[in-house]
Amino acid sequence: MPRSVLDESQIHPAIRERIAGHHAAVVREVQAAAREHPVLVVGMAQNPFPRKARRLLDAAGVPYHYLSYGNYLGGWRRRNALKMWTGWPTFPMVFVRGTLIGGADDLGRLIASGELQRMLGAQ
């Protein structure tokens, strides 16, 4: 089911470029890392859920790359750009082979079911 996205015709032409370019460098950095690394965890300091995702991957013996953007006191604009890009509202954002699979709990379910290993081609 596709998520609801505001139709471009409902965005005033004067701000379309601004929306498209909102912290685009951060989005490009995450896109590149998701292409380069089979498993990517995007998180933030002080948030226990990115730490939980990393512990789950460590326990499963799955190598991953980690990117961190700010903490509760700063960096929210960059994180907001990532939320707008993915449509995922929380951190971490876990990517497997370039596909957003969700957060720490979603990752835990994939590990428990064996689906993560299937996605990774039984590394």
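The values are calculated or read from the model by the stated rules, or taken from the named source; none is laboratory data. Keep in mind it's a predicted model, so treat the numbers as computed, not measured. Areas reflect the complete protein model, heavy atoms only, side chains present, ligands, DNA and RNA absent. Shrake-Rupley method; radii C 1.70, N 1.55, O 1.52, S 1.80 Å.
Some points to look at:
- Cα centroid of region 1-63 to Cα centroid of region 78-121, whole Å: 9 Å
- Annotation: region 1-64 has a Kirkwood hydrodynamic radius of 14.9 angstrom, from the mean reciprocal C-alpha pair distance.
- Here the 3J(HN,Hα) profile of region 28-44, calculated from phi with Karplus coefficients 6.51, -1.76 and 1.60 at θ = phi - 60°, is 4, 4, 5, 4, 5, 5, 5, 6, 7, 10, x, 10, 10, 10, 10, x, 8 Hz, Gly and Pro shown as x.
- Amide H contacts of M44 (H built 1.01 Å from N, under 5 Å, at least 5 apart or other chain): Y69
- Derived scalar couplings ³J(HN,Hα) [region 52-62; Karplus, 6.51 cos²θ - 1.76 cosθ + 1.60; whole Hz; x for Gly, Pro]: 4, 4, 5, 5, 4, 5, 4, 4, 7, x, 9
- Solvent-accessible surface (1.4 angstrom probe) belonging to H22, in square angstrom, nearest 10: 60 Å²
- Overall dimensions of the chain, expressed as equivalent-ellipsoid semi-axes from the Cα gyration tensor (√(5λ), whole Å, largest first), are 28, 16, 13.
- Per residue, the solvent-accessible area of the chain (1.4 Å probe, heavy atoms of protein chains only, all protein chains present) comes to 62 Å².
- Long-range HN-HN contacts of G102 with modeled amide H, under 5 Å: V94
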